[in-house]
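Right, one structure below, let's go through it.
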Amino acid sequence: MTRTRIEGLLAAFPKLMNTGKQHTFVETESVRYVYQPMEKLYMVLITTKNSNILEDLETLRLFSRVIPEYCRALEENEISEHCFDLIFAFDEIVALGYRENVNLAQIRTFTEMDSHEEKVFRAVRETQEREAKAEMRRKAKELQQARRDAERQGKKAPGFGGFGSSTVSGGSTAAMITETIIETDKPKVAPAPASVHMKIEEKITLTCGRDGGLQNMELHGMIMLRISDDKFGRIRLHVENEDKKGVQLQTHPNVDKKLFTAESLIGLKNPEKSFPVSSDVGVLKWRLQTTEESFIPLTINCWPSESGNGCDVNIEYELQEDNLELNDVVITIPLPSGVGAPVIGEIDGEYRHDSRRNTLEWCLPVIDAKNKSGSLEFSIAGQPNDFFPVQVSFISKKNYCNIQVTKVTQVDGNSPVRFSTETTFLVDKYEIL
């Protein structure tokens, strides 16, 4: 439909509307208006006359329930102010002209996903800043030690004071430290985006018992396709699925399911049609639900044991999926209130004590095949039950289920198309109870 056609249909609606009556739809020769009053405004769906009106009414109700999620009042200026949030939410309800099987909670989850890129960038930036500060402290200690050694030997301290070469040496060292900080802090400039871009995102929910045993693990994944140039609208995605865990796959209703099953290709049922341009379209999603312990990506064992003055707590992690690389891992252990700070013994990584929330955060920048296990020991007053539930968070640029887009081609002639991919594996909930 053209923009002029849509504007014409909307302009005709107020003249056709049955005000003051109980009817919630009105028909013309070509379309049906399904509507719902919302104080001074109306929520209107324009459908074909052969659509299922009961489904349309249900869709209308879901649209109307989305509005209060973003707008404090049902007024025109409030709607305008939050128009983009509403558009993104509406896009989760109807895609490619078809109603998606979603509820309000799922819409909240899907729209929140859009901010994960920013979270990833911030987390990486914070890690870079911490590393730069640590490097600066290390360099400063080296210089201080060199100066003390030189003073003990009765020589000039290299890089400090004096004239000539020592001053130059000091200048270069300072410049080197400054350059380290600048280079580490500098955000990486991304290359120009390709006309075809894929977001591959997975979220995991996991609950384990403190004595071992996986109570439940559920993982949801999706490939979102975004095309920025309409000349690349008629394409096919070549999917490589090396999953061996029994993932359930589901294609979008407009995607040719037989083609995907037979050849692992994602393309529209009608190859003459194009994918939408300048919008994120979910083309493939998958789900894994299991209680198989060997599927746990990162195992956490927490062992509190009572001592004379309280508890000695030993906690360890182990990466079970060697192909994963987990970044900015934070293992959060609750602490008893009013007993002061924990006494840290041995630790791999760093820790933060949050006295307001009464938690100990065990922070590990990277967990991968080279750094697949580690431990933390601490002592504090309390009972063994005080240290549960343990919660885990992380981000990863490698997905858990080995599902990737390896190639994109044109429908006509199978010519290769340049594309970019962004992969994120995130935690929704990860608890040891």
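The values are calculated or read from the model by the stated rules, or taken from the named source; none is laboratory data. No experiment lies behind these values; they were computed from the predicted model shown. Glycine gets a Cβ as well: all are built from the backbone with ideal geometry, and neighbour counts include every protein chain shown. Surface accessibility is based on the protein's heavy atoms, side chains included, excluding ligands, DNA and RNA. Shrake-Rupley method; radii C 1.70, N 1.55, O 1.52, S 1.80 Å.
Details
- Theoretical gain in end-to-end length, Asn50 to Gln215 [0.36 nm per residue, Cα-Cα removed]: 54.7 nm
- Structural descriptor for the chain: relative contact order 14 percent, calculated from alpha carbon pairs under 8 angstrom and at least 6 residues apart.
- Near Lys370, once Lys and Arg are set to +1 and Asp and Glu to -1 for all other residues with Cβ below 12 Å from its Cβ, the sum equals -2.
- Accessible surface computed residue by residue for the range 48-143, with neighbouring protein chains in place and a 1.4 Å probe, gives 66 Å² per residue.
- Seen from Lys407, the other residues with C-beta closer than 11 Å to its C-beta sum to a net charge of +1, counting Lys and Arg as +1 and Asp and Glu as -1.
- Most mobile of Arg125, Arg61, Arg356 in a GNM of the chain (Cα contacts under 10 Å): Arg356
- Counted charge near Tyr430, where neighbours are those whose Cβ lies closer than 12 Å (Asp, Glu -1; Lys, Arg +1): -1
- Principal axes of the range 52-97: Cα extent on each, largest first, Å: 33, 19, 14
- Residue-averaged 222 nm ellipticity for the chain, from DSSP H runs of 4+ at -39500 (n - 2.57), nearest 500: -9500 deg cm²/dmol
- When log10 I(q)/I(0) by the Debye sum over Cα atoms at q = 0.09, 0.11 Å⁻¹ is computed from the coordinates, the matching label among (i) -0.81, -1.05; (ii) -0.61, -0.87; (iii) -0.70, -1.04 is (i).
- Residues Lys139 and Arg356, FRET efficiency given R0 of 30 Å [Cβ-Cβ distance, rounded to 0.05]: 0.35
- Applying 1/(1 + (r/R0)^6) with r as the Cβ-Cβ distance of Ser64 and Asn309 and R0 = 51 angstrom yields a FRET efficiency of 0.30.
- Highest GNM mean-square fluctuation among Leu206, Leu326, Leu86, for the chain modelled with Cα contacts below 10 Å: Leu86.
- GNM on the chain, alpha-carbon springs under 10 angstrom: the most fluctuating residue among Val26, Val34, Val405 is Val26.
- Simple spin-label estimate for Asp428 and Lys397 in nanometres, 7 Å along Cα-Cβ: 2.6 nm
- Of the solvent-accessible surface of the chain, computed with a 1.4 Å probe over protein heavy atoms with every protein chain present, carbon and sulfur atoms account for 50 percent.
- Take the Cβ atoms of Ala381 and Leu265, set R0 to 35 Å, and the FRET efficiency comes out at 0.05.
- When the range 220-319 is described by a simple charge dipole with +1 on each Lys and Arg Cβ and -1 on each Asp and Glu Cβ, the residue from Gly310, Thr299, Asn241 located farthest towards its positive end is Asn241.
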